[in-house]
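Undergrad: Input: one structure, supplied below.
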Amino acid sequence: MTTEKLDINSALNWRYAAKRMTGAVVPQDVMGRILEAARLAPSGIGLQPYEILMITNAELKKQILPIAANQMQVVESSHLLVFAPWDDYTPERINGVFDYLNQQREKVSTTLDRQRQFALNYFSKFSSEENFHHAAKQAHIALGIAVAAAALERVDATPMEGFNAQELDRFLDLKSKGLRSSMLMAIGYRDEANDWNFKLPKVRKPMSELVTLYQ
């Protein structure tokens, strides 16, 4: 297991979607830095409309395995993260965020009050389903930053969308928390000997096809 840290582009070239993991445990301090990176991720109006559920219990992961199309990294991971956006934007949730911001900054901000009113008015125009999809986009920003943070730590992080979200929500009783699952991420260490994906070269679009410049 290599522990040398990398610059961001080298780290992202090093990482790949690990399909098999060794089961080795990611140290608590390393995991803490990955989660802190996700916590610091940007989100629309700063609402952070999601939670991250972290599963280390082996029996729970075994039960989730068939819900996640029997992808082995679910049970072979050190930590299995469930990114769970809010199921809706409600006045209670929005006001709770802005009340917390004012409390932490120890003053009431006129700018924050305008943002609060904007958020309350804006999200009231949309259905619960539309608001959930907006919240999921914010959660996926945090997921992407966590992937990069893990790579910088030489830890594998495999995002997974191939699972039955409704079944997982029932299993984890997310409805009672006002949450819905949108993505899984297995965090651990690659099993180079048994992972067919490890031997394949990384392929991405050339920059000329990815980026269009308007001048």
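Undergrad: Out of the residues in region 157-199 meeting the condition of being exposed (fewer than 14 other Cβ atoms within 10 Å of the Cβ) and in contact (Cβ under 8 Å) with a residue 12 or more places away in the chain, tell me which one is nearest to the chain's Cα centre (by Cα).
TA: Glu161
Yes/no per residue for (1) at pLDDT below 95; (2) part of a loop (DSSP other than H, G, I, E, B):
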site	(1), (2)
Met1	yes, yes
Glu4	yes, yes
Lys19	no, yes
Gly23	no, yes
Met31	no, no
Leu35	no, no
Ala38	no, no
Pro42	no, yes
Leu53	no, no
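Undergrad: Do the conditions hold for Ile34, that is, is it touching an Asp or Glu at 6+ places or on another chain (Cβ under 7 Å) and more than 22 Å from Asp195 (Cα to Cα)?
TA: When the stated conditions are applied, Ile34 passes them.
Undergrad: Turning to a different aspect of this structure: With the requirement that a residue be of a type in the set (D, E, K, R) and more than 26 Å from Ile94 (Cβ to Cβ), what does region 24-77 give you?
TA: Selection gives Asp29, Arg33, Glu59, Lys61, Lys62, Glu76.
Undergrad: Starting from residues that are at pLDDT 95 or above and assigned to a loop (DSSP other than H, G, I, E, B), keep the ones in region 73-111 and report whichever is farthest from the chain's Cα centre (by Cα).
TA: Top of the filtered list is Thr90.
Undergrad: Another question about this same structure. Return yes when Phe132 is buried (at least 19 other Cβ atoms within 10 Å of the Cβ), over 22 Å from Asn13 (Cβ atoms) and of a type in the set (A, V, I, L, M, F, W, C) and no when it is not.
TA: Yes, satisfied.
Undergrad: If only one of Gly44, Gly23 is touching a residue at least 60 places away in the same chain (Cβ under 8 Å) and within 24 Å of Asp191 (Cβ to Cβ), which one is it?
TA: Going through Gly44, Gly23 in turn, the sole match is Gly23.
Undergrad: If I ask for residues that are farther than 12 Å from Tyr16 by Cα and polar (S, T, N, Q), which ones from region 181-197 would you list?
TA: Ser181, Ser182, Asn194
Undergrad: For residues that are surrounded by 16 or more Cβ atoms within 10 Å (Cβ to Cβ) and at positive phi, tally how many sit in region 39-56.
TA: 2
Undergrad: Still on this structure, please answer the following. Just to be sure before I move on: is Arg33 farther than 23 Å from Ala119 by Cα and either surrounded by 15 or more Cβ atoms within 10 Å (Cβ to Cβ) or within 16 Å of the chain's Cα centre (by Cα) (or both) in the structure I sent?
TA: Yes: the conditions hold for Arg33.
Undergrad: Right, another one. Within region 176-190, identify whether any single residue is under 30 Å from Asp29 (Cβ atoms) and out of contact with any Asp or Glu (no Cβ under 9 Å at 6 or more places or on another chain), and answer yes or no.
TA: Yes, region 176-190 has at least one match.
Undergrad: Can you pull out the residues in region 73-103 that are closer than 18 Å to Glu161 by Cα and either among the aromatic types (Phe, Trp, Tyr) or surrounded by fewer than 17 Cβ atoms within 10 Å (Cβ to Cβ) (or both)?
TA: Those that are closer than 18 Å to Glu161 by Cα and either among the aromatic types (Phe, Trp, Tyr) or surrounded by fewer than 17 Cβ atoms within 10 Å (Cβ to Cβ) (or both): Phe83, Trp86.
The values are calculated or read from the model by the stated rules, or taken from the named source; none is laboratory data. All of these numbers come straight from a predicted model, not from anything done at the bench. FYI the Cβ positions are ideal-geometry reconstructions off the backbone, even for glycines, and counts take in every protein chain you see.
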